[in-house]
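In what follows, a single structure is set out as structure tokens and then discussed.
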Amino acid sequence: MNPTTFNHKARILIIYTGGTIGMVDDPETGTLKPFNFDHLIDNVPRIKKLDFEIDHIQFDPPIDSSDMNPAHWDAIAHAIADNYDTHDGFVVLHGTDTMAYTASALSFMLENLNKPVIITGSQLPMCEVRTDGEENLITALQIAAATTNERRPKPMIQEVAILFENYLWRGNRSTKMSADNFNAFKSNNYPKLAQIGLGIHFNEEALWRLPFTRPLNLRCGMDTAVTFIDVFPGLTAESLRYQLAMPGVKGIVLKTYGAGNGPTARWFSDAIAEAVERGIIILNVTQCPNGGVHDRRYYSGDRLANAGVISGHDITSEAAITKMMFLFGQKLTPQQVKRELLTSMCGEMTV
Ligand code: ASP
């Protein structure tokens, strides 16, 4: 891990979508509700000490990220693409609840990305004395301005990443792990991209690098004809068949036990095989926070693989469902969707 150099003249675009970081108390309901960007920045006087040129765009109105949907992802991705040539980096302020989904979605939508898109938020609102939001925002801005140590410096981060408290994580490898801790995010199957303490120390070997430089290609248009099905002891044939027959569904992320296992009973694999035959694409993802699918290890996983279920390896469920939405949205043939699901497109899984 090396010490950091910064582009002190960096021009950074903040895209404020909402989330706890900008929320204030609503005296009527006693709950937290999103507030506007000026209020947020008024609470961060230290930001003025940074030399960066900072522009901002805000969602109108800012939202609790539990309201996030693919139209919002389009808006964020468009804001990045429209300002891509004029800015050195992007900081997206976002609620924590769906941050990992947004990070995954953006990683697929921003093809050929070679500038930093740093997503952050906070557990406590900026207006609270013990807020983690101020630290997170300032560190995210610094990471967005961090460069390599070369004679012709390049952005240190050239991917979508989540900065939270002490760590920077690959966006499409991240999961929200805690509703309480300041260190709320983690990549259970991928190393941290940077460690934040007294300094910011990048783990350069873990950073995403494209082998070529091509213009950013914005690929919007998610298809939401996808869903999750969870296996659990007690799942019945009726319930499974009902879920598999959901009208209009094209793709299912099947959340299985351990190394990709489900019940060995015939009703289970038969129902799955029939759905695959009907043309539904099923991706096998483990319910375990750590590790991945090894579908040929056990009899039950093997039956799923033989039924035509695709292994999701160590992909997170957030990346799995957004990748499916993305691939169906690209109007690919079922064969192409299957092929892409087996491939790591932008570092989202270890194949
Ligand atoms: N409900 C909030 C949100 O996701 C939680 C947060 O920001 O931490 O917008």
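I'd like to know if the stretch 105-118 contains one or more residues that are within 16 Å of the ligand (Cβ to nearest atom) and touching a Ser or Thr at 6+ places or on another chain (Cβ under 7 Å). So far as the stretch 105-118 goes, yes, one or more of its residues are within 16 Å of the ligand (Cβ to nearest atom) and touching a Ser or Thr at 6+ places or on another chain (Cβ under 7 Å). Among residues of the stretch 321-338 that are without any contact (Cβ under 8 Å) to a residue 60 or more places away in the chain, those with a beta-carbon under 7 Å from a residue that is surrounded by 14 or more Cβ atoms within 10 Å (Cβ to Cβ) and not in a helix (DSSP H, G or I) at least six positions away or on a different chain give the pairs PRO334/ILE281; LYS338/ILE281; LYS338/ILE310. Read through the list (1) of a type in the set (A, V, I, L, M); (2) in a helix (DSSP H, G or I); (3) away from the ligand (no atom under 16 Å from the Cβ), then give the number of the only condition that LEU137 fails. Here LEU137 meets the rest and fails (3). For GLY30, only one of the following conditions fails: (1) over 23 Å from TYR167 (Cβ atoms); (2) away from the ligand (no atom under 14 Å from the Cβ); (3) in a strand (DSSP E or B). What is its number? Among (1) over 23 Å from TYR167 (Cβ atoms); (2) away from the ligand (no atom under 14 Å from the Cβ); (3) in a strand (DSSP E or B), GLY30 violates only (3). Restricting VAL24, VAL44 to residues that are touching a residue at least 40 places away in the same chain (Cβ under 8 Å), within 16 Å of the ligand (Cβ to nearest atom) and over 22 Å from the mean Cα position of the chain (by Cα) narrows the list to VAL24.
Yes/no matrix, rows are residues, columns are (1) out of contact with any Ser or Thr (no Cβ under 6 Å at 6 or more places or on another chain); (2) surrounded by fewer than 17 Cβ atoms within 10 Å (Cβ to Cβ); (3) assigned to a loop (DSSP other than H, G, I, E, B); (4) at pLDDT below 95:
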residue	(1), (2), (3), (4)
ALA271	yes, no, no, no
GLY279	yes, yes, yes, no
ASN284	no, no, no, no
LYS331	yes, yes, yes, yes
VAL351	no, yes, yes, yes
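Taking the stretch 96-132 as the range and being surrounded by fewer than 22 Cβ atoms within 10 Å (Cβ to Cβ) and in a strand (DSSP E or B) as the test, only GLU111 passes. Hey, any hits in the stretch 95-113 for a residue that's free of Cβ contacts under 8 Å to residues at least 12 places away in the same chain and over 11 Å from THR17 (Cα atoms)? No, that holds for no residue. Taking the criterion of being part of a strand (DSSP E or B), over 19 Å from the mean Cα position of the chain (by Cα) and either of a type in the set (Asp, Glu) or under 19 Å from MET109 (Cβ atoms) (or both), the only residue of the stretch 140-181 that qualifies is PRO155.
The values are calculated or read from the model by the stated rules, or taken from the named source; none is laboratory data. None of the values given here were measured: they were computed from a predicted structure. Don't worry about glycine lacking a Cβ; one is built from the backbone with ideal geometry, like all the others, and counts go over all protein chains shown.
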